[in-house]
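J.: The structure's right below; bear with me while I get my questions together.
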Amino acid sequence: MQGSGPLNGDIPIGGAKNSALKLMAASLLAEGSTSLLNVPDIADVAIMSELLEAMGVEIERIGDRIDLDVPAELDPIAPYSLVERMRASIAVLGPLLARIGHARVAMPGGDDFGSRPIDMHLQGLEQLGATFSYQHGDISGEAHQLVGAEVFLEFPSVGATENLMMAAVLAQGETVIENAAREPEITDLANFLSQMGAMIDGVGTSRVVIEGVEVLRPTTYTTIPDRIEAATFLAAVAVCGGEVLLKGARPDHMEMLIRKLEEMGMGLTVEPSGLRAEVTDRLRAVDVSTLPYPGLATDYKPFLVAALCVAEGAGMVTENIFAGRFRYVDELVRMGAEIRAEGRHAVVRGVERLSGAPVRAHDIRAGAALVIAGLAAEGETVIANAYHVDRGYEDLAGKLTSVGAQVTRA
Ligand code: UD1
């Protein structure tokens, strides 16, 4: 990849990875044929497909649509070989317990975000009547009949809220999830479940009330656009300049990010077909602090750090969601960035231009941040372990190239 800019043109935004994966897991809740539209063709979706196929689901992809044929009998096992490759595999736990009363799912290990426990998922499901045992690295869950309960989450965990919602829709009676996460992907899952026949109230608020039903029916549903993919392209425009229309993006899902970028000096216009971004001058540094939605998403942070690397002035970045999510900083420093990171904080002092270098991706978003840094760098940047980027992006290089960037996926 070469330093590039300015960027000009349209980029279509694909379906949201973090939504599509949960919709796929939720399809287990109803026997029959569910179709999901606007599903990105990315490695994580392929892993979720492999996982569901191992359970007996037949899956076919036609363009951006996937058809899932869910049988009456399921083999409720999520092996370590797949869970290890994608933590979101844990999303099958709730649906399996609700639909067939047992599940055996490998415990996800740690990852580059630091330790990521699933205690809130398990405690919540226990409150609905599930019991768990552990052997050989797996969790086995049993639930003869889940029964609704009031669950108070210690933190608005996205994954725990989703697993509980997917379990509660088939539980007996009412479940209340207090301090529920409110991310747009959760609203998407709730809308999908409602279309399957679930009864859910308070969607998009921190108090979600679910009245269990006896059975859900398969349906056809369109995934929301990926706000994190959109944010990646916004950061690309931030460092390269130019004018780009993000076709299909949902500005209403990205309000805090839009405010932040405007504060930095980016021009953003909501249009009927999407979000237009324009940058004519070097952007100004701002402070960034991640929070649960509607706060600034932790997934945006690596892109904002990359943008701050070449902004005017210094910005303080604070991570409030995951303990260790600054590993890519060392890679940015290899490219000439001036960053001091300690614990949950990093101070980024903008430089005029980064310097292309061989670097390494440690996770999806860190990899994408290095792509953005590479666009802002003089000379060539080569990113090792770029497969991390493929987990979450459909043709990132192609989309960036189409607006004038110089990026190739070797
Ligand atoms: C999801 C997203 C991820 C995003 C994150 C926060 C997917 C596939 N991934 O991850 O991209 O960065 O939301 O928006 O949708 N925690 C516990 N115990 C639990 C569960 C979570 O302590 O049982 C902690 C986590 O360690 C973390 C915090 O809660 O510190 C938030 O995690 P959570 O919201 O659950 O993130 P994920 O669902 O894993």
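J.: Counting other beta carbons within 10 Å of each residue's own, what order do THR34, THR280 fall into, fewest first? Kindly include the intermediate steps, with their values, before the conclusion.
T.: Details: THR34 27, THR280 11.
The most exposed by this proxy come first: THR280, THR34.
J.: Going by a ≥ b ≥ c, the root eigenvalues of the Cα gyration tensor, does the stretch 17-222 fall in the rounded group (a/c under 1.5), the prolate group (a/b larger than b/c) or the oblate group?
T.: Numbers: a/c = 1.29, a/b = 1.09, b/c = 1.18.
It is rounded, given that a/c, with a ≥ b ≥ c, falls under 1.5.
J.: Straight distance only, please: which lysines reach the Cα of LYS260 with their own Cα at less than 22 Å, same-chain residues fewer than 8 apart left out?
T.: Those lysines meeting the cut-off are LYS247, LYS301.
J.: Calculate one ³J(HN,Hα) per residue across the stretch 360-376 by plugging θ = phi - 60° into the Karplus curve 6.51 cos²θ - 1.76 cosθ + 1.60, and present them in order as whole Hz with x for glycine and proline.
T.: 10, 7, 9, 7, 4, 6, 5, x, 5, 5, 5, 4, 4, 4, x, 5, 8
J.: From the C-alpha coordinates alone, can you work out the Kirkwood hydrodynamic radius of the stretch 34-88, in Å?
T.: Details: mean 1/r = 0.0853 Å⁻¹.
It is 11.7 Å.
J.: Hey, for a label at ALA72 modelled as a point 7 Å past Cα toward Cβ, could you say which residues of the stretch 26-53 have their backbone N under 18 Å away?
T.: 28-34, by backbone N distance to the label point.
J.: Taking a temperature of 10 °C and a viscosity of 1.306 mPa s, what whole-number D in µm²/s does Stokes-Einstein yield for the stretch 283-410 with Rh from Kirkwood over alpha carbon pairs? Walk me through the intermediate numbers first.
T.: Working: Rh = 14.6 Å.
Stokes-Einstein gives a translational diffusion coefficient of 109 µm²/s.
J.: For HIS136 and TYR387, what does the FRET efficiency come to when R0 = 22 Å and r is the distance between their Cβ atoms, rounded to the nearest 0.05? If you can, show how the numbers build up before the last one.
T.: Values: r = 28 Å, r/R0 = 1.28.
It comes out at approximately 0.20.
J.: With a point put 7 Å past each Cα toward its Cβ, work out how far VAL347 is from THR401 in nm, to one decimal.
T.: 4.2 nm
J.: I've got another one for you. Give me the distance between the Cα centres of the stretch 126-189 and the stretch 361-392, rounded to whole Å.
T.: After rounding, the separation between the Cα centres reads 35 Å.
J.: Additional query: Mind listing the phi-derived Karplus ³J(HN,Hα) values for the stretch 278-286, rounded to whole Hz, using 6.51, -1.76 and 1.60 with θ = phi - 60°, and x for any glycine or proline?
T.: 9, 9, 10, 10, 4, 7, 8, 6, 9
J.: Using the scaling law 2.2 N^0.38 Å as the reference, what is the normalised Cα Rg of the stretch 1-105? Before the final figure, lay out the partial values.
T.: On the way: Rg = 16.0 Å, N = 105, 2.2 N^0.38 = 12.9 Å.
Compactness ratio reported: 1.24.
J.: Let me ask another. Which residue fluctuates most in the GNM of the chain (Cα springs below 10 Å): ALA341, ALA26, ALA16?
T.: With Cα springs under 10 Å in the chain, the top fluctuation among ALA341, ALA26, ALA16 is at ALA341.
J.: How far, in nm, would the chain grow between ARG61 and ASN8 when pulled straight, counting 0.36 nm per residue and subtracting the alpha carbon separation?
T.: 15.9 nm
J.: Something else: Go through the stretch 220-233 residue by residue and turn each phi into a ³J(HN,Hα) via Karplus (6.51, -1.76, 1.60, θ = phi - 60°); whole Hz please, and just put x for glycine and proline.
T.: 10, 8, 9, 5, 5, x, 7, 5, 6, 5, 4, 4, 4, 6
J.: I want to check the label-to-label distance for GLU178 and MET316. Put each point 7 Å from Cα in the C-beta direction and report it in nm to one decimal.
T.: That separation, rounded to one decimal, is 3.3 nm.
J.: What's the extension gain from ARG217 to SER81 if we count 0.36 nm per residue and subtract their Cα-Cα distance?
T.: Numbers: separation 136, 0.36 × 136 = 48.96 nm, distance 3.06 nm.
That works out to 45.9 nm of additional length.
J.: Shifting gears a bit: Once both labels are modelled 7 Å past Cα along the beta-carbon direction, what's the HIS102-ASP119 spacing in nm?
T.: Distance between label points: 2.8 nm.
J.: Which values, in whole Å and largest first, are the semi-axes of the equivalent ellipsoid of the stretch 110-189 obtained as the square root of 5 times each eigenvalue of the Cα gyration tensor?
T.: Numbers: eigenvalues 79, 71, 20 Å².
Semi-axes (√(5λ), whole Å): 20, 19, 10.
J.: Rg and Dmax in Å for the chain, alpha carbons only: what are they?
T.: According to the Cα coordinates of the chain, Rg and Dmax are 21.2, 62 Å.
J.: Over the Cα atoms of the stretch 155-207, each weighted equally, I'd like the Debye log10 I(q)/I(0) at q = 0.24 Å⁻¹, rounded to two decimals.
T.: Debye output, listed in q order: -0.89.
J.: So what is the 222 nm mean residue ellipticity for the chain from helices alone, if each DSSP H run of at least 4 adds -39500 (n - 2.57) and you divide by all residues, rounding to the nearest 500 deg cm²/dmol? Present the calculation step by step, with values, prior to reporting the outcome.
T.: Details: 14 runs with 129 residues, N = 410.
It comes out at -9000 deg cm²/dmol, rounded to the nearest 500.
J.: Okay, moving on. Work out, step by step, the length gained on full extension between GLU278 and ARG340: first 0.36 nm times the residue separation, then minus their alpha carbon distance; give nm to one decimal.
T.: Values: separation 62, 0.36 × 62 = 22.32 nm, distance 2.94 nm.
Working it through step by step, the gained length comes to 19.4 nm.
Every number in this text was worked out from the coordinates using simple rules, so none of it is lab data. Treat the numbers as computed from the prediction; the structure is a model and nothing was measured. In this analysis, Cβ positions are derived from the backbone assuming ideal geometry, glycine residues included, and neighbour counts consider all displayed protein chains.
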